[in-house]
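The values are calculated or read from the model by the stated rules, or taken from the named source; none is laboratory data. Please read these numbers as outputs of a predicted model, since none were measured by experiment. Because the Cβ atoms are built from the backbone with ideal geometry, glycine has one as well, and the counts that use them run over all protein chains shown.
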Amino acid sequence: MEEIEFHELRKLELDILIDFAEYCDKHALRYYLYAGTLLGAVRHKGFIPWDDDVDVIMARPDYERLFLLIQKEPVGPHLKLCDYRNSKRCVFPFYKLIDTRTEGLERNFREEFRSGVCIDIFPVDGVPSGKLQREFFFFRTMLKKKILYYCIHEFNPDAGVIRKIRQTLFYYIFRNMDHRIICKSLEKCSKKYDFASSKEIAVTAYGDGKREIVSRHVLEGDTWMDFEGHSFRVPAGYKECLQSLYGDYMQLPPEAARIPQHSFRAWWKQHRNGEGARRNE
């Protein structure tokens with residue numbers, strides 16, 4: 001199989017993002033660039049030079065409507081919307097829009113969880129307003145994400161001694177657990193607090209915890225921003241969003257930290273005979 005190089009991987013992801021954005025605009029679905037993709041748009045006008053994925057968010061009502069629409073009208077001929085409900089290879093409680101001509105595997109994932117070149121689509125939900133309620137809520141989701149981690153990853157032989165002991169114990173307990181049960185539980189937990197009636201919101205199904213919390217007004221409107229020569233929607237309150245996630249988001253990290261975090265390897269299912277990504281064909 002022909003491996004997909006870093007620059008081609010990002011070109012394919014951009015193609016998927018373009019098709020997805022056009023589909024959302026056609027069907028009046030709200031989407032926004034998020035996390036490293038949003039930061040890349042603001043700071044670099046495109047991909048962060050060392051980033052290798054694309055993240056978008058949707059308010060839960062639009063997120064659920066997207067799934068229903070795609071059953072009748074796919075985004076594109078080579079694109080499939082996957083999650084734990086319709087694909088055993090999708091191991092998270094959020095959507096992946098996958099280019100089905102490709103396959104890929106995240107570092108340390110078990111071999112049966114191959115996916116493909118994709119963009120990640122996260123739902124945004126409400127969060128509890130009470131302090132104790134909120135602490136308990138994020139503690140529960142953190143525990144479930146840890147369990148999910150041990151369901152889908154291989155044992156890491158390079159871990160330190162303490163981590164190896166912990167891994168041995170947790171792998172023995174959780175390795176054979178069905179990841180879909182955990183995903184369903186995470187999704188149920190995240191949907192408990194309604195987006196429209198909550199003062200504050202976050203990516204709670206599979207996010208970075210409390211640092212993702214922002215006021216709901218952040219998503220009450222949008223603006224357009226350039227990303228790799230194309231315009232996409234970003235939250236009207238994108239500054240609050242980025243400050244919550246990264247603090248001083250315009251400050252570049254140390255050079256040693258400027259490496260891809262996902263280490264995703266991908267390849268074509270069939271030999272391409274030197275062809276480029278789809279929009280160059």
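Brief remarks follow.
- The residue pairs whose first member lies in segment 225-237 and is more than 10 Å from Y32 (Cα to Cα) and among the β-branched types (V, I, T), whose second member is modelled with pLDDT of 95 or more and surrounded by 13 or more Cβ atoms within 10 Å (Cβ to Cβ), and whose beta carbons are closer than 6 Å, counting only pairs six or more residues apart or on different chains, do not exist in this structure.
- Test: residue in segment 117-135 that is within 18 Å of I182 (Cα to Cα), of a type outside the set (V, I, T) and over 16 Å from the mean Cα position of the chain (by Cα): no
- Counting the residues of segment 38-53 that are under 20 Å from V218 (Cβ atoms) and in contact with a helix residue (DSSP H, G or I) (Cβ under 8 Å, 6 or more places away or on another chain) gives 3.
- Just one residue in the set I173, I201 is under 21 Å from the mean Cα position of the chain (by Cα) and not in a loop (DSSP other than H, G, I, E, B); that residue is I201.
- Complete set of residues in segment 89-103 that are in contact with a helix residue (DSSP H, G or I) (Cβ under 7 Å, 6 or more places away or on another chain) and among the charged types (D, E, K, R): R89, D99
- Qualifying residues in segment 169-218 (those that are charged (D, E, K, R) and more than 22 Å from R134 (Cβ to Cβ)) - the one surrounded by the most Cβ atoms within 10 Å (Cβ to Cβ): R180
- Against the conditions (1) at pLDDT 95 or above; (2) in contact with a Ser or Thr (Cβ under 9 Å, 6 or more places away or on another chain); (3) not in a helix (DSSP H, G or I); (4) not charged (D, E, K, R), F137 satisfies every one except (3).
- For the residues E154, E103, E111, E73, the requirement of being among the acidic types (D, E) and touching a Gly at 6+ places or on another chain (Cβ under 8 Å) singles out E103.
- Residue within segment 219-230 that is aliphatic (A, V, I, L, M), in contact with a helix residue (DSSP H, G or I) (Cβ under 7 Å, 6 or more places away or on another chain), surrounded by 15 or more Cβ atoms within 10 Å (Cβ to Cβ) and over 21 Å from V127 (Cα atoms) present: yes
- Members of segment 103-119 found to be closer than 19 Å to T37 by Cβ and either free of Cβ contacts under 8 Å to residues at least 60 places away in the same chain or assigned to a strand (DSSP E or B) (or both), listed by number: G104, E106, S115, C118, I119
- Of everything in segment 174-220 that is modelled with pLDDT under 95 and of a type in the set (F, W, Y), the residue that is nearest to C151 (Cα to Cα) is F174.
- Elements of the type helices (runs of 4 or more DSSP H) sitting completely within segment 1-88 and holding at least 1 residues that are under 22 Å from E106 (Cβ atoms), among the β-branched types (V, I, T) and touching a residue at least 12 places away in the same chain (Cβ under 8 Å): these cover 6-26, 35-44.
- Among the candidates F47, F92, F67, residue that is in contact with a strand residue (DSSP E or B) (Cβ under 9 Å, 6 or more places away or on another chain), within 26 Å of K191 (Cβ to Cβ) and buried (at least 17 other Cβ atoms within 10 Å of the Cβ): F92
- Of the strands (runs of 3 or more DSSP E) contained entirely in segment 214-274, those carrying at least 2 residues that are closer than 19 Å to R30 by Cβ fall at 222-227, 230-235.
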